[in-house]
Amino acid sequence: MNRTIELLKESAALLEGHFLLSSGRHSDRYFQCARLLQYPDRAAEALSEVANRLKNDMASGEIQIDAICGPAMGGIIVAYELGRQLGLPAFFTERDDTGAMSLRRGFEVTPGQRILMAEDVVTTGKSSGEAARVLENLGARIVGLACIVDRRAAGETIPWAFYPACQVQVANWDATDCALCKQGVPLVKPGSRKVF
């Protein structure tokens with residue numbers, strides 16, 4: 001078994017039920033990575049293999065990274081920990097009062113800067129895509145995406161080099177075709193994003 005999955009279980013970060021994901025999709029399992037990331041040693045271990053793959057690819061010239069950006073909330077600690085292990089600056093994007101992703105708090109990117117996106121969980125890549133557009137509009141270039149959990153459904157693609165710590169097959173449905181809704185199972189929204 002993948003050590004990252006063991007760490008998620010040890011941290012009680014793998015929840016079962018009926019969940020509304022930040023992508024708007026529904027699922028029978030939820031990865032509450034904040035429960036893992038609250039332990040610095042577990043965060044470091046969960047992301048060490050990702051950092052090692054990135055170091056190897058950087059050394060071979062396969063990827064070049066100037067900084068790491070994580071969309072708030074889930075990507076903040078992941079970006080920080082990868083930045084710490086790689087010796088690179090890390091920052092984050094966050095939603096403004098209108099709900100739009102933005103770069104705030106004095107963070108800046110420069111034209112041509114090569115950015116690795118960082119997330120806790122990737123289902124559709126929606127948050128990373130929103131943050132990437134903000135950075136690209138400021139002249140940055142997105143070169144990859146790293147995450148703790150890759151839970152994408154078949155057919156969901158990522159447009160950059162992809163570095164997940166673990167990949168899991170988890171049921172997820174469009175809200176209009178959710179098997180658990182049809183069974184009347186109550187829906188829970190554990191994430192921080194407002195889903196409209």
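Throughout, read-outs are computed from the coordinates displayed, never taken from laboratory work. What you see is a predicted model, and the numbers here were worked out from it, not measured in a lab. Methodologically, a virtual Cβ is constructed for each residue, glycine included, from the backbone with ideal geometry; neighbour enumeration extends over all protein chains shown.
Please give the charge dipole size of the chain, origin at the Cα centre, charges +1 on K and R Cβ atoms and -1 on D and E Cβ atoms. Round to the nearest 20 debye.
My answer is approximately 240 debye.
Between (i) 17.1; (ii) 18.7; (iii) 17.6, which matches Kirkwood radius over Cα pairs in Å calculated for the structure shown?
(i)
Could you work out how much longer the chain between Asp66 and Lys126 gets when fully extended? Use 0.36 nm per residue separation minus the Cα distance between them, nm to one decimal.
Length gained between Asp66 and Lys126: 19.3 nm.
Considering the options Gln38, Ile63, Gly99, tell which one lies farthest towards the positive end of the dipole of the stretch 4-123, charges being +1 on Lys and Arg and -1 on Asp and Glu at the Cβ, about the Cα centre.
Gly99
Below 10 angstrom from the Cβ of Arg35, what's the summed charge of the other residues (Lys, Arg +1; Asp, Glu -1)?
Residues close to Arg35 contribute a combined charge of 0.
Please work out the C-alpha center-to-center distance from the stretch 75-147 to the stretch 7-29 and express it in whole Å.
Centre-to-centre distance over Cα atoms comes out at 23 Å.
Between Leu187 and Glu16, what is 0.36 nm times their sequence separation minus the Cα-Cα distance? Round to one decimal in nm. Walk me through the intermediate numbers first.
Values: separation 171, 0.36 × 171 = 61.56 nm, distance 1.15 nm.
Between Leu187 and Glu16, full extension yields 60.4 nm more.
Could you run the Karplus curve 6.51 cos²θ - 1.76 cosθ + 1.60 with θ = phi - 60° over the stretch 20-30 and give me ³J(HN,Hα) per residue in whole Hz, x for Gly and Pro?
Using θ = phi - 60°, the values come out as 8, 7, 5, 6, x, 7, 10, 8, 8, 9, 9 Hz.
Given labels modelled 7 Å from the Cα in the Cβ direction, how far is it in nm from Asp174 to Arg114?
Result for the modelled spin labels: 3.8 nm.
Gaussian network model of the chain, Cα springs within a sub-10 Å range: biggest mean-square fluctuation belongs to which of Ala154, Ala44, Ala72?
Judging by the Gaussian network model, the answer is Ala154.
What ³J(HN,Hα) values, in whole Hz, does the Karplus curve 6.51 cos²θ - 1.76 cosθ + 1.60 give for the stretch 166-175 when θ = phi - 60°, with x put for Gly and Pro?
The phi angles translate into 8, 10, 10, 8, 10, 4, 8, 10, 5, 4 Hz.
Return a whole-number percent for the relative contact order of the stretch 3-173, with Cα pairs under 8 Å and 6 or more residues apart as the contact set.
21
Once amide H atoms are placed 1.01 Å from N in the peptide plane, what residues at a sequence separation of 5 or more from Arg141, or on another chain, have their amide H within under 5 Å of its amide H?
Here the answer is Gly112, Gln113, Arg114, Ile115, since their amide H atoms fall under 5 Å of that of Arg141.
Amide H to amide H, which residues 5 or more places from Cys147 or on other chains are under 5 Å from it, using H placed in the peptide plane?
Glu119, Tyr163, Ala165
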